[in-house]
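Encoded as structure tokens, the structure appears first; notes follow it.
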Amino acid sequence: MSVSEAEIALILNGDATTLPEGATVADALRAEGLDPNDARGIAVAVNAEVIRKEAWTTTALDAGDDVEIVTASQGG
Amino acid sequence: MAPVLIVGGGTIGLSIGWRLARTGRAVVVFDRAEAGRGTSWLAAGMLAPDAELQFEELELYAFNRESLDRWPRFAEELEADAGQSVDYRDEGTLIVADDRDSAEALRRLYDFQREHDLNVDWLTGEEAREIEPFLAPRLSAAIHAPFDHQVDNRKLIEALKVALQNAGGTLREHTPVERIAPDEEAPAVVLGDGTRVDGSAVVLAAGPWSRGVKGLERAHRPPVRPVKGQMLQLQMELPFDLQHVVRGPDAYLAPKSNGRLLVGATSEEMGFDTQVTAGGLYDVLEGGWDIVPGIYDLPVTETWAGLRPSTRDHAPLIGRSAAPGVVFATGHYRHGVLLTPITAEEVAHLLRTGETSPWIEPFSPQRFTSSTAASA
Amino acid sequence: MAARSASATATRKPASDAPEAPEPLVIGDLTLSSRVLLGTSGYPNPQVMLDAMEASGTELVTVAIRRVNVRDASEESLLGLLQQQGYQLLPNTAGCYTAREAVLVAQLAREALGTDYIKLEVIGDDETLIPDVEQLLKAAKTLVDDGFQVLAYANDDPITCQKLAGMGCAAVMPLGSPIGSGMGLVNPYNLRLIRELVPDTPLLVDAGIGTASDAALAMELGYDGILLNTAVSKAKHPVAMARAIRHAVQAGRLAHAAGRIPRRLYADASSPATGRVGTRSP
């Protein structure tokens, strides 16, 4: 994958992807089709650190970051 | 009379259109892309009510069974109208166990099938291998379900498109319906370019995408959610041969007459994601290889992920919806191809006569109007 | 006749102080009127799951934490259905093999679901799904220190369970037998020892329950509740099994409080030996 200067390459839920430089956690959520303002039941970790909801719009992502977005699913 | 407007050109929408058109009714089937390239194209075409019998789903079984009984005549009429084959195959299905725990589970299924008078036979591993020599040597037991048949779902789609148009129906592909405008007398659809098309009834048959069609009140939308299934297609090459559908604990194999061998499928709650993943293919391949190891050398010709339209009770939504003038024919989950004849015929009957037949009454789209409903 | 017996009952004084009225199960700050915790996986369909939950009487149901890809988080999603019905959610750390993974999943669960409660599960190998004790203890310590209410899924080893209780877990949940095996309580002796060594922390049997009698036995051993999934979800009639489990838990709890008789090697006739027809008085 070629990366232009205005983009950063990172891992989003296990898949390689690119986001614009300066993208925040909230932008990553939008890239997954989620609304950061109505994200009940959703949590985010960047490089194995949980990012609280309050910090989604202010936490910028860096190239190579590993972003995990999770929710509840069936389990015992 | 204004036409019946059918939203969604999969096997369900096309077949309703064909059945109506051949009785002289004006119909228009809309598909946002090429018709039948969604769920219907990515299915396996198994007509398998006996193998898919589930605890607590006996009402659905009776419906599945009735549709299977209608399949041979449906296929015959369709092939005559379209002038092409749908590859209806009646060799039957083998359900196999590959270890002690799965043999116990298989025996439990068999007892349940017999309790409900299904026509199935218990085979030893050796007996099963006499029927299908490519089954794994270590398989210890199998159920033979001779009445579980199959069609080629892709040929079915091609035939339905031709038959619909030969009978005078209109197919509008690459024409997304933006919105439904419900009305008891004169419902309509509004297309992506803003054009309004008036009809005498609207049929929502958009499978997993049915919930997303605009224009219905929130409470009236069909409670359908997508369930992802990853599959792959192999090309059978001699000496490899398989005649029956074979179902194991973790995968099934469905051979088609033109050499396609479908291996599926995962069942994942992933929303509308259709990415093919290493893990998904691995699970399906390992499950297929466990029961038919001879697939090892076959070329992989296609991989994909499809979406099944699932409801809360795994039964379809067929009949009048709460929205005036709008009929639902969706939510067929893993039984869309199997349920095509009965859905098409009973919905066509509803649209011609206004009567809801006893066959579709239990599957009324209005059974989930309250969130705590249907705790029967 | 009915009226007479009713009035007779009404005037009778309670014979003992044995607990007839169900007492709630208290885990940390959580007070539950049902002692059944139920999993949400593997039902024939979501409607059967909801009906089985209702029949079991459960108030707390377990969920796993997984990557999302839900572009349409509709009310038909699992979370939507459970929240509509008002169930409290107990997230688990299923699928974690190290303390590090389990701690991260617990933290994500807290953020996603707004709960400090976590069913801690750190698995040692994927054939038996038996916990890795070293990693389990490490994760439990970290999470308790981080303010979590930890319900620890554990081996049926009395010392491990005692350590988990000692470090402040909200509940300790030894296995009856491996997850999904339905083999019941294969070592009731150990489970009883655990109860004796852990008198003050809630104990639940988690995993291995196959049918109602297993649930009753767990309660008769003095356990505070049970957590189960497969026994209900894969039963031929999940709703009926859920109802059976509910009654079994109540019956086992009552039997435990009622105090069972000691076992004897020889018979001890229930009917009086005196005044028997056809025998001479001694």
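Worth pointing out:
- Per residue of peptide C:59-65, the mean number of Cβ atoms on other chains within 10 Å of the residue Cβ is 4.
- Cα gyration tensor shape of the stretch B:241-354, rounded if a/c is under 1.5, else prolate or oblate by comparing a/b with b/c: prolate
- Solvent-accessible area of the protein assembly as shown (1.4 angstrom probe, protein heavy atoms only): carbon and sulfur portion equals 50 percent.
- Helical mean residue ellipticity (222 nm; -39500 (n - 2.57) per DSSP H run of 4+; nearest 500) of the protein assembly as shown: -9000 deg cm²/dmol
- Among B:222, B:358, B:316, the residue with the largest mean-square fluctuation in a Gaussian network model of chain B, with springs joining Cα atoms closer than 10 Å, is B:358.
- Unit charges at the beta carbon, dipole of the protein assembly as shown: most positive-side option, A:43, C:201, C:108: C:201
- Cα-centre dipole for chain C with unit charges at Cβ (Lys and Arg positive, Asp and Glu negative), debye to 20: 1420
- Other-chain or far-sequence residues with amide H under 5 Å of residue B:265's (modelled H): B:252
- The simple spin-label model puts a point 7 Å past each Cα toward its Cβ; for residue C:97 and residue C:183 those points are separated by 2.2 nm.
- DSSP-defined antiparallel bridges as percent of all bridges, chain C, nearest 5: 15
- Cβ crowding within 10 Å averaged over residues, with B:205-216, C:246-257 ranked highest first: B:205-216, C:246-257
- Expressed in units of 2.2 N^0.38 Å, where N is the residue count, the Cα radius of gyration of the stretch C:101-182 is 1.04.
- Rg and Dmax, both from the Cα atoms of chain B and both in Å, are 20.6, 63.
- Remark on residue C:117: its backbone amide H falls under 5 Å from those of C:149, a criterion applied only to residues 5 or more positions apart or on other chains, H modelled at 1.01 Å from N.
- An oblate overall shape is assigned to the stretch C:34-258, the ratio a/c of its alpha-carbon gyration tensor axes (a ≥ b ≥ c) being 1.5 or greater and a/b not exceeding b/c.
- Degrees between helix B:153-166 axis and first principal axis of chain B (Cα, 0 to 90, nearest 10): 30
- Charge dipole (debye, nearest 20) of the protein assembly as shown; +1 at Cβ of Lys and Arg, -1 at Cβ of Asp and Glu: 2600
- Reachable lysines, given that their alpha-carbon falls under 23 Å from the alpha-carbon of residue B:155 and they are not under 8 places away in the same chain: B:228, B:256
- Solvent exposure, largest accessible area first (probe 1.4 Å, DNA, RNA and ligands not counted), of B:340, B:195, B:39: B:195, B:39, B:340
- Each peptide in B:286-298, B:13-25 receives the mean, over its residues, of other Cβ atoms within 10 Å, and ordering these scores from highest gives B:13-25, B:286-298.
- Cβ-derived FRET efficiency at R0 45 Å, residue C:190 paired with residue C:267, nearest 0.05: 0.90
- Check: chain B dipole with +1 on Lys, Arg Cβ and -1 on Asp, Glu Cβ, in debye: 1480
- Largest GNM mean-square fluctuation across C:224, C:116, C:206, computed for chain C with C-alpha springs under 10 Å, falls on C:116.
- Taking Cα atoms only, the orientation of helix C:99-113 departs from the longest principal axis of chain C by about 90 degrees.
- In the context of the full protein assembly, residue B:320 retains an accessible surface of approximately 110 Å², using a probe radius of 1.4 Å and ignoring ligands and nucleic acids.
- Angle between chain B longest axis and helix B:278-291 axis [Cα atoms, degrees, rounded to 10]: 50
- For the stretch C:57-152, the set of GluC sites (Glu not before Pro) satisfying both a DSSP loop assignment and a count of at most 10 other C-beta atoms within 10 Å is given as C:127.
- Under 5 Å, built H, 5+ apart or other chain: amide partners of residue C:90: C:61, C:62, C:63
- Averaged over A:61-73, number of beta-carbon atoms from partner chains that fall within 10 Å: 6
- In units of the compact-protein estimate 2.2 N^0.38 Å, the protein assembly as shown shows a Cα radius of gyration of 1.08.
- Shielding value for C:40-51 is 6, the average number of Cβ atoms from other chains within 10 Å of each residue's Cβ.
- The number of Lys pairs in the stretch C:34-258 with C-alpha atoms less than 21 Å apart, excluding pairs fewer than 8 positions apart on the same chain, is 5.
The values are calculated or read from the model by the stated rules, or taken from the named source; none is laboratory data. Keep in mind it's a predicted model, so treat the numbers as computed, not measured. Ideal geometry is used to build each Cβ from the backbone, glycine not excepted, and the neighbour counts take in all protein chains shown. Remember, those area values only see protein heavy atoms, side chains included, never the ligands or the DNA or RNA. Shrake-Rupley method; radii C 1.70, N 1.55, O 1.52, S 1.80 Å.
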